[in-house]
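Okay, structure first, notes after.
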Amino acid sequence: MTLFVFGINHTTAPVDVREKLAFAPEITATALHQLVAQSAVSEAAILSTCNRTEVYGRLSMNAMPVEEHHQVIAQWLSEFHQVPLHQVENHSYFQQAGQAVKHMMRVASGLDSMVLGEPQILGQLKSSFSVARQEKTATSHLIRMFQSAFNMAKFVRTHTAIGENPVSVAYAAVAMAKQIFARLEDQTALLIGAGETIELVARHLHDAGLKKIIVANRTLARAQELAHENYITNRLKNVLIDEFSEAQKREILNMQWDGVTCTKIAERVGSSLLVVSRLINRTSWPGPRQIG
């Protein structure tokens, strides 16, 4: 009985493959039960973020060679998401036993993240563990694997300098904005959504001195809550983005709300525009350099 990790991440797969293999929260439970129904897998947990999809689990005791377990899991992932098998195999990695445990520890500690040391991944890993325990697809062996990773993450945060400076994708986005705009405090920020990452962006923007922050969200109450928590006093609009843009007259954005996808920027006059997307689906337009 061997612990394993099978997955793809930002270093092994382009965004179009990552988005095809992502697990939305509402389908994760179904996926876990389908996975442990495979004869090769007796325990399983799924971590799915913008930059990685990973299956952690324990291989069953049977006569199948370990190498074939890899193929079974790749085949399952291919069939579940209706993605060609060669795309899964060409962009995936498979580790077992001690190497799998080491990999999870690196992930939990933020050492395997696109932004080195970012702390959000630990919370995401804890959420995946919670779902697996709730669905009873993680039992004794996988529970110990996760607990070891969480303990290591705590040790790394406590005994190294990795957590001394604020670091996250949200922080990196604001830092980039500071480099682009000579006076960030004079700019206007449009925050689309009101989730965890947007809240972090709002906090960093406020700390950077930016006063003009507009929140656009499906639910006005949540946008108001985020604004109150982060001292955002600008007007809040519970509108679709294209309606908001008509009111503003400075930019014309054609955006669709199935994932908040920005498909076109038709007009922007007189100033620079920075668009940062945190979603796994490509929320910016395909050719930003065409915009003058």
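The values are calculated or read from the model by the stated rules, or taken from the named source; none is laboratory data. Predicted, not measured: the structure shown is a model, and the values here were computed from it. All Cβ positions, even for glycine, are placed from backbone atoms using ideal geometry, and neighbour counts span all protein chains on display.
Please count how many residues of segment 185-206 are assigned to a helix (DSSP H, G or I) and either under 26 Å from the mean Cα position of the chain (by Cα) or buried (at least 19 other Cβ atoms within 10 Å of the Cβ) (or both). Show your work before the answer.
Within segment 185-206, the subset assigned to a helix (DSSP H, G or I) is 185-186, 196-206.
If we keep only those that are either under 26 Å from the mean Cα position of the chain (by Cα) or buried (at least 19 other Cβ atoms within 10 Å of the Cβ) (or both) as well, we get 196-206.
Summing the residues that are assigned to a helix (DSSP H, G or I) and either under 26 Å from the mean Cα position of the chain (by Cα) or buried (at least 19 other Cβ atoms within 10 Å of the Cβ) (or both) in segment 185-206 gives 11.
State which residue pairs qualify: first residue assigned by TED's automatic domain parsing to the domain that holds I214 and under 10 Å from L210 (Cβ atoms) and inside segment 179-190, second residue loosely packed, with under 13 Cβ neighbours inside 10 Å and modelled with pLDDT of 75 or more in any location, beta carbons under 6 Å apart, and separation of 6 or more residues or different chains.
From residues that are assigned by TED's automatic domain parsing to the domain that holds I214 and under 10 Å from L210 (Cβ atoms), the pairs are E185/G209.
With (1) in a helix (DSSP H, G or I); (2) touching a Gly at 6+ places or on another chain (Cβ under 8 Å) as the list, and L116 as the residue in question, which single condition is left unmet?
Only one criterion is unmet by L116, namely (1).
Here's a check for you: in segment 28-53, which residue that is assigned to a helix (DSSP H, G or I) and without any contact (Cβ under 8 Å) to a residue 60 or more places away in the chain is farthest from the chain's Cα centre (by Cα)?
Per the criteria, the residue is Q34.
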